[in-house]
Amino acid sequence: MDDPYVAHETQLRQVHAYLLGLFAELPRAPAEELAAKTAFACRAMLWHHQAESTGLFPFLRRAGRLRSTDVSFLDACDREHDALHALCQRLLAKGEAPHLDPKGVFALASELGAQFELHAREEEMGLAPPRLRTMVTYEELVAFGREMEAKRPR
């Protein structure tokens with residue numbers, strides 16, 4: 001079986017790269033698709049952060065408490081999620097038709113992308129395999145992965 005710690009890291013990096021790509025693509029979107037692409041990018045990021053803040057992070061906090069592992073970096077991740085959520089809400093408002101503001105969308109998407117890139121790097125370091133191994137056992141991580149996979153929208 002593959003190492004679930006490495007698999008988690010790989011998947012997290014892939015999701016972060018995908019989300020960054022969605023925001024980076026907005027300036028190249030055809031005008032008639034900008035509102036829909038903006039909404040999709042924001043909703044994808046919000047869904048990802050909700051899954052972390054309501055699923056992964058509580059799981060890691062519980063496991064960390066059982067092992068007396070410091071997981072306080074998750075608090076900063078949650079605060080960053082809140083800040084990114086607020087930026088997404090502003091971006092959604094700028095991207096709504098019929099009041100679409102392309103320049104405003106591009107500027108805010110760039111700001112959001114830059115903040116998300118910093119957040120993603122910090123989160124990836126905090127959840128890197130060596131650190132994740134101190135928070136949760138192999139069996140717990142595998143079971144949590146199965147639970148999340150069963151809840152994933154199809």
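Quick notes on this one:
- Here the extension length gained between ARG152 and SER110 equals 12.2 nm, from 0.36 nm per residue of separation less the Cα-Cα distance.
- Listed by chain and number, the lysines whose C-alpha is less than 20 Å from the C-alpha of LYS94, apart from same-chain residues fewer than 8 away, are LYS37, LYS103.
- Available extension along the chain between ALA143 and SER53 is 30.6 nm, counting 0.36 nm per residue and deducting the alpha carbon span.
- Global geometry of the stretch 8-82, whether rounded, prolate or oblate, following the gyration tensor of its Cα atoms and the 1.5 cut on a/c: prolate
- Unit Cα scatterers, Debye sum, the chain: log10 I(q)/I(0) for q = 0.09, 0.11, 0.15, 0.19 Å⁻¹: -0.33, -0.47, -0.80, -1.12
- Contact order for the chain, expressed relative to its length and based on alpha carbon pairs under 8 Å spaced 6+ residues apart, stands at 38 percent.
- At R0 = 25 Å, FRET efficiency that the Cβ-Cβ distance of VAL15 and LEU100 yields, to 0.05: 0.35
- Approximate spin-label separation ALA36-ALA76, in nm, with each point projected 7 Å along Cα-to-Cβ: 4.0
- Between ARG90 and ARG131, the contour length at 0.36 nm per residue exceeds the Cα-Cα span by 11.3 nm.
- Selected from GLU139, GLU80, GLU96 as most flexible by GNM, with the chain as the system and alpha-carbon contacts under 10 Å: GLU139
Readers should treat all values here as calculations from the given coordinates under stated rules, not as data from a laboratory. The structure displayed is predicted, hence computed values, not measured ones. With ideal geometry, Cβ positions are generated from the backbone for all residues, glycine too; neighbour counts draw on all protein chains shown.
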